[in-house]
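**Student:** Here it is, the structure, as C-alpha cells.
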Amino acid sequence: MLKKIILVCLFSSLAVFADDANLLNNPSFETLNSKDLPAGYSASKKLTLDEIHRIDTNNAVDGKNAALLVNTDPKIKLTNYAGFIQWGLQNKLNTLKPGTEMEFSVYVKTDSPATRFFIYLEGTDNNGKAFLKKIPAVSLKESNKYKQLRIEFKLPESGVKNAYVCFLITSVGKVWFDKAYLGSLENAPEPEGR
C-alpha cells in the first residue's frame, strides 16, 4: 500500500512539473473568457471592423480548441496586424536562470500557402536592451495540415524586464495556432518528426 501511495505522489508531482514547464497560460487555447476567446490572451486588431479572432473546435492538435485568425481585409499587413497577444511573461521567465536555453514553439496551419503569419517573443532585459525572438515565418506548402514551428534561444543574462508573445495574421486568409510552448529547452515537448 505504501508503494502505491509513493507512486501516486511521484506521478502527481511529475504531472504538476510538466504543467509548470510551459510558461504560457492556456497554451492550447482550451480555456475561454466571457467573449469566447482564449483566456490569458489579448485580441488585437487594426484597420478593420471584421471579426478576425475566433476559436475553432473542429481543428485542434490537442484538446478541443485551436486559436483561429480569419482576415478578409487586404490592408492588413505586418505593420497593421491582427492577432493574439499574451502579456506579462517576465515574472515567469525570471524564475529561470539567466542564460537558460529556451524554446518557443507552436503548431500552425493555414488555409492556403499564400496566407502569411508572424510569431514572436519580444521584450527588454533588465538593462533596457530590447530583444526579439521570431519563429521563422515559413510558407506552409501543405495547407490545412499542422506543422510545428520552433525557435531556440538563450534567456538574457541580465534577466527580463518585460516580455510578451504574439501570434499574428499578416495577409488575407486563415491561420490556426495550437499547442504553444515557451519554456526551457530541457523540458520542451519532443520536436515534430522525431
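The values are calculated or read from the model by the stated rules, or taken from the named source; none is laboratory data. These figures come from a predicted structure and were not determined experimentally. Cβ atoms come from the backbone with ideal geometry, glycine included; neighbour counts cover every protein chain shown.
**Student:** Which count do you get for residues in the range 141-157 that are under 26 Å from ALA130 (Cα atoms) and in a loop (DSSP other than H, G, I, E, B)? Quick ask: steps written out before the conclusion?
**Tutor:** So the first thing to find is which residues in the range 141-157 are under 26 Å from ALA130 (Cα atoms), and the list is 149-157.
Narrowing further to those that are in a loop (DSSP other than H, G, I, E, B): 155-157.
Residues that pass the stated criteria total 3.
**Student:** May I pose another question? Does LYS97 count as without any contact (Cβ under 8 Å) to a residue 60 or more places away in the chain, touching a Leu at 6+ places or on another chain (Cβ under 6 Å) and assigned to a loop (DSSP other than H, G, I, E, B)?
**Tutor:** Numbers: without any contact (Cβ under 8 Å) to a residue 60 or more places away in the chain: yes; touching a Leu at 6+ places or on another chain (Cβ under 6 Å): no; assigned to a loop (DSSP other than H, G, I, E, B): yes.
Criteria not met by LYS97.
**Student:** Has the range 108-115 got at least one residue that is under 14 Å from PRO27 (Cα atoms) and either surrounded by fewer than 22 Cβ atoms within 10 Å (Cβ to Cβ) or of a type outside the set (D, E, K, R) (or both)? Talk me through it step by step, then tell me what you get.
**Tutor:** First, pick out the residues of the range 108-115 that are under 14 Å from PRO27 (Cα atoms): 108.
Subset that is either surrounded by fewer than 22 Cβ atoms within 10 Å (Cβ to Cβ) or of a type outside the set (D, E, K, R) (or both): 108.
Yes, some residue in the range 108-115 is under 14 Å from PRO27 (Cα atoms) and either surrounded by fewer than 22 Cβ atoms within 10 Å (Cβ to Cβ) or of a type outside the set (D, E, K, R) (or both).
This table checks each residue for (1) over 20 Å from TRP176 (Cα atoms); (2) of a type in the set (Gly, Ala, Ser).
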residue	(1), (2)
PRO27	no, no
THR31	no, no
ILE55	no, no
GLY63	no, yes
VAL70	no, no
THR100	yes, no
VAL108	no, no
PHE118	no, no
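**Student:** Select from the range 74-85 the residues that are in contact (Cβ under 8 Å) with a residue 60 or more places away in the chain and surrounded by fewer than 17 Cβ atoms within 10 Å (Cβ to Cβ) and write down the one among them that is farthest from the chain's Cα centre (by Cα). Walk me through how you get there before you give the answer.
**Tutor:** Step one: filter the range 74-85 for residues in contact (Cβ under 8 Å) with a residue 60 or more places away in the chain, giving 74, 76-78, 81-85.
Of the ones still in play, those that are also surrounded by fewer than 17 Cβ atoms within 10 Å (Cβ to Cβ) are 74, 77-78, 85.
Details: PRO74: 25, LYS77: 20, LEU78: 18, ILE85: 9 Å.
If we take residues in the range 74-85 being in contact (Cβ under 8 Å) with a residue 60 or more places away in the chain and surrounded by fewer than 17 Cβ atoms within 10 Å (Cβ to Cβ), then PRO74 is farthest from the chain's Cα centre (by Cα).
**Student:** Still on this model: Could you tell me whether the range 35-50 includes any residue that is under 13 Å from LYS174 (Cα atoms), surrounded by 14 or more Cβ atoms within 10 Å (Cβ to Cβ) and either of a type in the set (Lys, Arg) or touching a residue at least 60 places away in the same chain (Cβ under 8 Å) (or both)?
**Tutor:** No, the conditions are met nowhere in the range 35-50.
**Student:** Of the conditions (1) surrounded by fewer than 21 Cβ atoms within 10 Å (Cβ to Cβ); (2) of a type outside the set (A, V, I, L, M, F, W, C); (3) closer than 23 Å to LYS145 by Cβ, ASN91 satisfies every one except a single condition; which number is it?
**Tutor:** (3)
**Student:** Are any of the residues in the range 157-165 buried (at least 21 other Cβ atoms within 10 Å of the Cβ) and small (Gly, Ala, Ser)?
**Tutor:** Among the residues of the range 157-165, at least one is buried (at least 21 other Cβ atoms within 10 Å of the Cβ) and small (Gly, Ala, Ser), which makes the answer yes.
**Student:** Could you pull out the residue among THR100, THR170 that is more than 14 Å from the chain's Cα centre (by Cα), surrounded by 13 or more Cβ atoms within 10 Å (Cβ to Cβ) and at pLDDT 95 or above? Break it down into steps so the answer makes sense when it comes.
**Tutor:** Numbers: THR170 fails: at pLDDT 95 or above.
Result of the check over THR100, THR170: THR100.
**Student:** May I pose another question? Residues of the range 137-179 being of a type outside the set (S, T, N, Q) and over 29 Å from GLU51 (Cβ atoms), which ones? Working first, answer last.
**Tutor:** Within the range 137-179, the subset of a type outside the set (S, T, N, Q) is 137-138, 140-142, 145-147, 149-157, 159-161, 163-169, 172-179.
Listed by number, the residues that qualify are ARG150, ILE151, GLU152, PHE153, LYS154, LEU155, PRO156, GLU157, GLY159, VAL160, LYS161.
**Student:** Further question on the same structure: Which of the residues belonging to the range 60-94 are in contact with a Leu (Cβ under 8 Å, 6 or more places away or on another chain) and either at positive phi or at pLDDT 95 or above (or both)? Step through it out loud before you land on a result.
**Tutor:** Residues of the range 60-94 that are in contact with a Leu (Cβ under 8 Å, 6 or more places away or on another chain), as a first pass: 65, 69, 73, 75-76, 78, 80-84, 86, 89, 92-93.
Across the range 60-94, the qualifying residues are ASN65, LEU69, GLY83, PHE84, GLN86, LEU89, LYS92, LEU93.
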